[in-house]
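Participant: Here you go, one structure.
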Amino acid sequence: MHASSRSAIAIEGLHKKYRTNHALRGVELEVRTGEVMGLLGPNGAGKTTLVKILTTLLRPDHGHAYVNGWNVSAEPEKVRATIGMAGQYSTVDGLLTGFENLYLLAKLRGVGRRTARRVADDLLSRFRLTDVAGRPVGAYSGGMRRRLDLAAALVGSPPLVVLDEPTTGLDPESRLDTWEAVSELAAAGTTILLTTQYLEEADRLADRITVIDRGRVVAEGTSDSLKSAAGNRLVVCVAQEHQLDAAARAVARATGATPTVDRRARRVEAPAADGRAALARALAALENENDADAEDVEDVEVLEIGLIRCTLDDVFLGLTGHARHSDHAGHAGHAGHAGHGHRHTDREATP
Ligand SMILES: Nc1ncnc2c1ncn2[C@@H]1O[C@H](COP(=O)(O)OP(=O)(O)OP(=O)(O)O)[C@@H](O)[C@H]1O
Ligand SMILES: [Mg+2]
């Protein structure tokens, strides 16, 4: 046992290379017993690699990882006995039925036949799979399979459950089921490490969030603290589209940042590190724009002006410099100008 045995997960200086590809570059992470930790990161960040090391499917090159106090490298069988896992890619057996998969897993956990049957039936019903319980899993839809994967992770009620992108590819109803299951588990005291690319999911389920990018932890905290640390955004909405340029100039002057312009919403937005001072400068700059205009040019009519809090989308984008894979590909890599989440999908829709 390790000194950090009170933590469900303790990771120190973890490195992993695949040949020349340095997938984990010194990851530090602590997950406290009973909390839901959201591990957020873009494609290739190292989430699955980390999950595989924690679940003993992969050995680290350097550093240490403890799960429920056990060293993953030295005592893998102890780790496996206290952990439930649903991988990013389905691990249930396609030739067996849903019932058989869960039943066999329960037997592997060492329970008798009758208990194994009850465990399987309960989980099938909880994940709305009772109707297809007798069908081979190979004939399941993707959503049913994901739900069965999640059910499989819960066999034996392990104190720690690791879920790698549990809702990727699920329809909205199945996603809600999964969220509900995770919330119930958390309420019952299970520790959960959940990787996701969905910010809403992390925001909603996680007590704390760790953001990883290119094999390193780039931020850690509650959703609230991450949003606060990312600062405010200054938003100006104008009455007419042709007033946008003047508004963008004013916002740029006030914030020192390149504003995002949403033509359809007639909205200009930019990060404002110093909040209220930037707002005051924006008001002054807008006055200036109006004063500077020739007599026959109408004033910029401001419908709305204010400071808003960063969303988790903004935080993620600011930290990783790229939008999530589900965003439009064209936004990737332009931190200052990229769309911030779903609010700007109509951006520049009209010339
Ligand atoms: N078996 C492997 N062999 C070689 N490189 C690998 C292997 N598995 C992962 N990698 C590389 O390691 C890095 C981290 O990959 P990983 O799968 O851990 O990322 P991820 O955060 O889970 O991404 P995703 O969101 O796409 O699932 C990537 O650059 C990936 O290409
Ligand atoms: Mg992955």
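Coordinate-derived values only; no laboratory data. Keep in mind that what you see is a predicted model, and the values were worked out from it rather than measured. Cβ coordinates were reconstructed from backbone atoms using ideal geometry, including for glycine residues, and neighbour counts include every protein chain displayed.
Participant: Where does the range 1-84 land on the Kirkwood hydrodynamic radius, alpha-carbon pairs, in angstrom?
Facilitator: Hydrodynamic radius (Kirkwood, Cα pairs) of the range 1-84 is 12.9 Å.
Participant: Step through the residues of the range 166-183 one at a time and calculate ³J(HN,Hα) from phi using the Karplus curve (6.51 cos²θ - 1.76 cosθ + 1.60, θ = phi - 60°), rounding each to whole Hz and writing x for Gly and Pro.
Facilitator: x, 10, 4, x, 8, 6, x, 5, 5, 5, 5, 4, 5, 4, 5, 4, 5, 4
Participant: Another one. With springs connecting C-alpha atoms under 10 Å apart, model the chain as a Gaussian network and identify which of Asn232, Asn68, Asn21 has the largest mean-square fluctuation.
Facilitator: Asn21
Participant: Could you tell me the relative contact order of the range 108-193? Use alpha-carbon pairs under 8 Å, at least six residues apart, and round to a whole percent. Numbers along the way, then the final one.
Facilitator: Numbers: 56 pairs, mean separation 24.0, N = 86.
Taking the mean separation of contacting Cα pairs over the length of the range 108-193, I get 28 percent.
Participant: Expected output is a single nm value to one decimal: the length gained when fully extending between Tyr89 and Arg25, i.e. 0.36 nm times separation in residues minus the C-alpha distance. What is it?
Facilitator: Full-extension gain reported as 20.6 nm.
Participant: Please compute the modelled spin-label separation between Leu96 and Asn288, points set 7 Å along Cα→Cβ, answer in nm with one decimal.
Facilitator: Result: 7.0 nm between the two label points.
Participant: Another question, then. Compute, for the range 7-226, the length of the dipole vector about the Cα centre, with Cβ point charges of +1 (Lys, Arg) and -1 (Asp, Glu) only. Units Debye, rounded to 20.
Facilitator: My answer is approximately 860 debye.
Participant: Please sort 40-51, 94-105 by packing, taking for each peptide the average over its residues of neighbouring beta carbons within 10 angstrom, highest first.
Facilitator: Put in order of decreasing packing, that is 40-51, 94-105.
Participant: Oh, and also: Express the relative contact order of the chain as a whole percentage, based on alpha carbon pairs under 8 Å and six or more residues apart in sequence.
Facilitator: This gives 17 percent for the chain.
Participant: Against the 2.2 N^0.38 Å scaling, with N counting residues, where does the range 129-241 land? I'd like the Cα-based Rg ratio to two decimal places.
Facilitator: Taking the Cα Rg and dividing by 2.2 N^0.38 Å, one obtains 1.37.
Participant: Something else now. So what's the convex hull volume per residue for the Cα atoms of the range 60-142, in Å³?
Facilitator: 122 Å³
Participant: If you don't mind, there's one more thing I want to ask. Contour minus end-to-end for Asn43 and Ala139, with contour as 0.36 nm per residue of separation and end-to-end as the Cα-Cα distance?
Facilitator: Result: 31.7 nm gained on full extension.
Participant: Quick check on my link table: of Lys52/Lys107; Lys17/Lys78; Lys17/Lys47; Lys16/Lys227; Lys47/Lys107; Lys52/Lys227, which ones sit more than 21 Å apart, alpha carbon to alpha carbon?
Facilitator: Values: Lys52/Lys107 23 Å; Lys17/Lys78 25 Å; Lys17/Lys47 14 Å; Lys16/Lys227 30 Å; Lys47/Lys107 30 Å; Lys52/Lys227 29 Å.
From the list (Lys52/Lys107; Lys17/Lys78; Lys17/Lys47; Lys16/Lys227; Lys47/Lys107; Lys52/Lys227), the Cα-Cα distance tops 21 Å for Lys52/Lys107; Lys17/Lys78; Lys16/Lys227; Lys47/Lys107; Lys52/Lys227.
Participant: So, one more: With just the Cα atoms defining each centre, how far is the range 190-258 from the range 100-170? Give it in Å.
Facilitator: 36 Å
Participant: Okay, next question. Over the Cα atoms of the range 7-226, Rg to Rh with Kirkwood Rh, two decimal places?
Facilitator: With Rh from the inverse mean 1/r over Cα pairs, Rg/Rh is 0.96.
Participant: Could you give the nm distance between label points at Arg128 and Asp274, where each point is 7 Å from its Cα heading toward the beta carbon?
Facilitator: 5.3 nm
Participant: Restricting to the chain, compute how many DSSP beta bridges are antiparallel as a %, nearest 5.
Facilitator: 70 percent
Participant: Moving to a separate point now. If each of Arg109 and Arg263 carries a label point 7 Å out from its Cα toward its Cβ, how far apart are those two points in nm?
Facilitator: Placing both labels 7 Å beyond Cα along the Cβ direction yields 5.7 nm.
Participant: With point charges of +1 on the Cβ of Lys and Arg and -1 on the Cβ of Asp and Glu, referenced to the Cα centre of the chain, which listed residue (Leu193, Phe99, Ala252) lies farthest in the positive direction of the dipole?
Facilitator: Phe99
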